[in-house]
Amino acid sequence: MSSYLLGIVEFFSRSCSLTRSPAAVVTRKSSSLVVHAGEHLFKVVGHSKLTDSNSRLTSQTFRVGGHDWAILYYPNGVGSIVDGQFSSVFLKLVSTIDTKVTTSFSFSLQDLASPLTGDKYKTSSTRKFLPSMTGNKKTSGSGWLEFVRRSDLAASGCLENDCIVIRCTILVHTCVEDDGSVKVPPSDLRKDTHYLLESGLNPDLTVRVGSSKSFKVHGCMLAARSPVFRAQLCGSMTESKRSSINIDDMDAEAFEVLLYYIYNDCLPEYMDETTQETTNMAQHLLVAADLYSVDRLKLICERKLSEALAVNTVGFILDLAEQYRCQQLKAHCIKYIQLNAERMRAIEETEGFGQLKHNHPLLVRQILRMGPQRRKNNKNGEITGTS
């Protein structure tokens, strides 16, 4: 099923202004109300395990009407506002804008048992997103604090195998002057490059990952997206004269997702989920992105890992962040550890924190010396010095 459908519907309206002069002249102007329609499905896995009152899940970014959007889902509501009785959901405008954007949108839960019978708990609204609402981490977006009562989920048919699917539909309204020019549709470059990967059209390079798997790819795509591959394939290195290259220090599944990103500029849809599998894959991908200098992918992995922090994983993730110079992820981990004394004590007993202590003892000493009570004195959560 496609997670993202895009269509454009145009409605034309005409306005007329009359200017009186010795010889009456009628000037006609026309404008177009262009409505960009889109839909995104956000699957939440392991819903019953999301017990932290501060839990927030963010969907993969999707594009409608020339803007990037994301779904923010709070399985236990926003803070103490709904007291954990309701889940909350919001639509976030990720792109930076200069003028207001008028949007009609709705949220609903997909009935997994019978998806063709319609969705449940549908809520709709028309809102104006202002420039002040973008680029501000404190702004959650627009949506509903009381989306679905948690006690109703089990009997709703929307919770199956501890998973729910949130459907978001969007209509972005744009009024443009009709100047009579030729209308040009949005770019579909990503669709074309995705076809290159899926169809295997005229590949010129074989990448062998370990001894388990090989991939037929286009050397120009790898060279264009990664300066490391560019040096290998276009420079004076030995690999530039070969029709195949070997990669021995990467998992084949991780390379397959890296390859997907190189061709599509996004991650596969299943990476939207928050599971142990996707969290582990994000860690492998972060290492691969660092190795091949795919900087945006590295930051995507940082964000995904920062949203998947838990008592038993934060030590491993902070160890990774310190090793690969991920300052934003490091700050999130430290802030999570220092939330309160009870959490810090629990984290100190985990295997991940033991690994962190072994690999970066100076960092651990600084975290413990600061303690949760001093967290406010270090707003960025940054600690100088490494081991």
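The values are calculated or read from the model by the stated rules, or taken from the named source; none is laboratory data. Small disclaimer: the values here were computed from a predicted structure and weren't measured. Note that each Cβ is placed from the backbone with ideal geometry, even for glycine, and that neighbours are counted across all protein chains shown. In case anyone asks, the SASA skips ligands and DNA or RNA and just uses the protein heavy atoms, side chains included. Shrake-Rupley method; radii C 1.70, N 1.55, O 1.52, S 1.80 Å.
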Residue pairs, from the table K100/K120; K43/K191; K100/K304; K216/K304; K43/K298; K43/K183, whose Cα atoms sit over 32 Å apart: K43/K183
The stretch 177-230, relative contact order in percent, only Cα pairs under 8 angstrom and at least six apart counted: 21
Residue-by-residue Karplus 3J(HN,Hα) for the stretch 328-339, coefficients 6.51, -1.76, 1.60, Hz, glycine and proline x: 5, 5, 4, 4, 5, 5, 5, 5, 5, 5, 8, 4
Accessible area per residue, Å², the stretch 143-220 with all protein chains present, probe 1.4 Å: 62
S244 versus A310: modelled label distance in nm, points set 7 Å from Cα along the beta carbon direction: 4.0
Where labels lie 7 Å past Cα in the beta-carbon direction, separation of D295 and K100 in nm: 3.7
FRET efficiency for S156 and Q327, using Cβ-Cβ distance with R0 set to 45 Å, rounded to 0.05: 0.60
Potential lengthening between R303 and C175 on full extension [0.36 nm per residue; Cα-Cα distance subtracted]: 42.6 nm
Distance in nm between pseudo-label sites at S211 and H194 (7 Å out along the Cβ direction from Cα): 3.7
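Expressed as a whole percentage, what fraction of the accessible surface of the stretch 41-112 belongs to carbon and sulfur atoms when a 1.4 Å probe is rolled over the protein heavy atoms? Could the numbers behind the result be given before it?
Numbers: 1280 of 2680 Å².
Carbon with sulfur: 48 percent of the solvent-accessible area.
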